[in-house]
Amino acid sequence: MRALWSILLLVVSNVFMTFAWYGHLKLQEMKISTSWPLIAVILFSWAIAFFEYCAQVPANRIGFVDNGGPFNLMQLKVIQEVISLTVFTLIVTLVFKGQSLQWNHIAAFFCLILAVFFVFLK
């Protein structure tokens, strides 16, 4: 159950992370933030990133083996990276028009799946 909670919190965290890092580009595309100074864009992103951390930190604490979770640090990091790129790809293809999935992106995801496989080998 701790593994499931950890993974779900990582997904939530990465949704917020993607919007914190790239949401301002969508706002700019929509002509909402084009006149914002850079400091306003940074503060806007930090405000969103706060919620990323509210999910990321508990996900790592719940999932970490020394806290009773099933994952060591390397496994947590690789899982987070796979989730991060999966969430990023879904959001970019759904929210940012003109960004399409190419064969090399699929090949990269396959490599990530291999990374997860290898990090869990004993």
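The values are calculated or read from the model by the stated rules, or taken from the named source; none is laboratory data. Please read all numbers here as calculations on a predicted model, not as lab measurements. Note that we place each Cβ from the backbone using ideal geometry, even for glycine, and neighbour counts take in every protein chain shown. Keep in mind that these areas ignore ligands, DNA and RNA; they rest on the heavy atoms of the full protein, side chains included. Shrake-Rupley method; radii C 1.70, N 1.55, O 1.52, S 1.80 Å.
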Among (1) aliphatic (A, V, I, L, M); (2) surrounded by fewer than 12 Cβ atoms within 10 Å (Cβ to Cβ); (3) in contact (Cβ under 8 Å) with a residue 12 or more places away in the chain, the one test that ALA55 misses: (2)
Boolean, VAL95 is open to solvent by less than 80 Å² (accessible area, probe 1.4 Å), under 14 Å from the mean Cα position of the chain (by Cα) and modelled with pLDDT under 95: no
Tally, over segment 19-52, of residues that are of a type in the set (Val, Ile, Thr), closer than 18 Å to ILE91 by Cβ and open to solvent by 40 Å² or more (accessible area, probe 1.4 Å): 1
Answer from PHE120, PHE71 - the residue that is more than 22 Å from MET17 (Cα to Cα), surrounded by 13 or more Cβ atoms within 10 Å (Cβ to Cβ), hydrophobic (A, V, I, L, M, F, W, C) and touching a residue at least 40 places away in the same chain (Cβ under 8 Å): PHE120
Every residue from segment 1-18 that is open to solvent by 80 Å² or more (accessible area, probe 1.4 Å) and part of a helix (DSSP H, G or I): ARG2, LEU4, TRP5, LEU8
Residue pairs meeting the criteria (Cβ under 7 Å; at least 6 apart or on separate chains; first assigned to a helix (DSSP H, G or I), in segment 28-41; second among the hydroxyl-bearing types (Ser, Thr, Tyr)): GLN28/THR34; VAL41/SER33
Segment 83-104, residues that are closer than 13 Å to SER13 by Cα and not small (Gly, Ala, Ser): ILE83, LEU85, THR86, VAL87, PHE88
